[in-house]
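The values are calculated or read from the model by the stated rules, or taken from the named source; none is laboratory data. Everything numeric in this text was worked out from a predicted model, so none of it was measured. A quick note on method: Cβ atoms are made from the backbone with ideal geometry, for glycine too, and the neighbour counts reach across all protein chains shown.
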Amino acid sequence: MACRFTSLKFVGHALLAWAILCGPASLWSQNNAVPPGLPVIPAPASWNVGNGSAVLQGTLNLKAPAALEREAQLLRSWWSRCSLPAPRTALQQPEEWSAQLSVDVSLPAEGYKLRVQSGKIMLEGGSDAGVFYGLQTLFLCAVEDTAAAVYRLPKLEVEDRPAFAYRGMHLDVSRHFFGVEFLKKHLDALARAKMNTFHWHLTDDQGWRIEIKKYPLLTQVGGWRSGSQQGPYSLQYFDTLRYGGFYTQEEIREVVAYAAERHIRVIPELEMPGHALAALAAYPELSCRQKPLEVARGWGVFDDVFCAGNDSTFAFLENVLAEVFALFPGEYVHIGGDECPKTRWNECARCTARMRAEGLKDAHELQSYFIQRMERFANNRGKKIIGWDEILEGGLAPNATVMSWRGEEGGKAAAKSGHNAIMTPGKPCYFDHYQAKVDGEPHAIGGYNPVEAVYLYSVVPDGLSPEEQKRILGSQGNVWTEYMLTPDHVEYMMHPRMEALAEVLWTGPRKPEHLPDFQRRMRLYARDLERSGYRVAPHFLNSK
Ligand code: ACM
Ligand code: ZN
């Protein structure tokens, strides 16, 4: 086990990894491959690992500037978990270790240089984030020697930087709700894989999950699916039981701060104009028909959406976003934009009057009007919007970033028209799909998307010029939770597909010949995850 996670015991499993590390195979060549036995994912850009290794023991003399105090603290607490407090002389030198953390702005901002040699750890990052990522690599390199009940670090020289700036995971907390404790554990797993973005899908037809002080009914009414029966909640009875939950603003701040300590930005998603039934159940006057509505109890796409002809809709959404902006310091807000049926708009007197007044030729242009109006509000407050690729229809808002989910075309169209894009095509970025064709898999949506497909994903679509390629910011895995009721199930769907995507995004495009090496490292990495209480889907273990 690599010394990575918080609770650490010298458990009795002999490590194959350690046997390899100690044996003749430790004469590693400088071929940039991750050495056998080190569960480092994502693979760094450049490696050089020397012979031998040293026991972590004794005091760590740590030097770090004040700006790196948080990273220094991380290193200290790792040291206290992994090192022997008093040197055991029988283990030979070094009995004293030193570490130096520093920032070198000539390195890429998230990049780092790490050297470990004769009891010295030297880590320079392009920023505090770079130092943080260097520490993640360091922690994964400390391997347990179960026989001696110690951890050892090999001699290392690593130079590393990410291939993509946007490395994300999405989580839908509307269809099923996941509490703050789970989110923190989830963020730990993201940080470990050097993912830097958490896309938090906070509202949808089936539940509004963020407290908005000005509109308390959003959570009092919109946070709950009604139902006459009592629990236990299960997939079979999900539409007949009361179910719900939400985050207070205090909890939102707590999650955002926890993520920031791990260099993860949090992008809140507030769905508009569609996927809005939970909000409309609370405030039906914002729908076209202005009649009572229910928080959705089944899955799908629903005709009742925010009325685009009613100025009160925009006033409401602007007030909501003003509170959201105060909670999320990052530059992005995701405003949804997907799957908005135009049925109600086409029959609504207000919406049709809006179309006439604004010279809009159809309801697609009305959707574009809606998104552009919300974008102006966001931009005026220093925020940028992201929307699902339907925001291209009827004309793209001037500064919007497109999240391409219905294949790659949306991302390509965005990049070709000078916009940034984030690639999340269903295959291979939807982690709610099946990952194995075996009996007994939990019910899933949307077909087959195995870890191998994720690993071989080419993020930048074909047919873009070098300039357009730069507008592909990166990618993310999406976890829609219609059929995921528990944290355990979410983790099962995420790991190891998230780690495969993390390697594609950090290390760069992967080829089939890299797959066996990834699987070998993933075996060790999965064991670490499991020992830290995460659930990992086992199918990749069968792969060669
Ligand atoms: C989506 O999957 N509706 C973005
Ligand atoms: Zn309307």
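Structure data summary
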quantity: Pairs where the first residue, in the stretch 425-440, is on the phi > 0 side of the Ramachandran plot and the second is modelled with pLDDT of 95 or more and surrounded by 21 or more Cβ atoms within 10 Å (Cβ to Cβ), C-beta under 6 Å, 6+ apart; calculated: none
quantity: Residue match in the stretch 424-434 (condition: touching a helix residue (DSSP H, G or I) at 6+ places or on another chain (Cβ under 8 Å), within 13 Å of ligand 1 (Cβ to nearest atom) and of a type in the set (Phe, Trp, Tyr)); calculated: yes
quantity: From Asp239, Asp172, residue being farther than 30 Å from Cys3 by Cβ, surrounded by fewer than 17 Cβ atoms within 10 Å (Cβ to Cβ) and touching a residue at least 24 places away in the same chain (Cβ under 8 Å); calculated: Asp239
quantity: Qualifying residue in the stretch 370-383 (condition: within 16 Å of ligand 2 (Cβ to nearest atom) and acidic (Asp, Glu)); calculated: no
quantity: Boolean, Ala279 is exposed (fewer than 15 other Cβ atoms within 10 Å of the Cβ), of a type in the set (A, V, I, L, M), modelled with pLDDT of 95 or more and under 29 Å from the mean Cα position of the chain (by Cα); calculated: no
quantity: Single unsatisfied condition, Asp303 versus (1) part of a loop (DSSP other than H, G, I, E, B); (2) within 25 Å of Thr481 (Cα to Cα); (3) more than 12 Å from ligand 2 (Cβ to nearest atom); calculated: (3)
quantity: Pair list, Cβ < 9 Å and 6+ apart or interchain, from the stretch 353-364 residues that are over 13 Å from Lys342 (Cβ atoms) to residues that are exposed (fewer than 10 other Cβ atoms within 10 Å of the Cβ) and of a type outside the set (Lys, Arg); calculated: none
quantity: Hits in the stretch 481-524 - residues which are in a helix (DSSP H, G or I), of a type in the set (S, T, N, Q) and in contact (Cβ under 8 Å) with a residue 40 or more places away in the chain; calculated: Thr507
quantity: The listed residue being at pLDDT 95 or above, under 25 Å from His170 (Cα atoms) and within 16 Å of ligand 1 (Cβ to nearest atom), out of Glu318, Glu390, Glu375, Glu323; calculated: Glu390
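Rundown of residues vs (1) buried (at least 22 other Cβ atoms within 10 Å of the Cβ); (2) touching a Leu at 6+ places or on another chain (Cβ under 7 Å), yes/no style:
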site	(1), (2)
Gly179	no, no
Lys184	no, no
Lys194	yes, no
His201	yes, yes
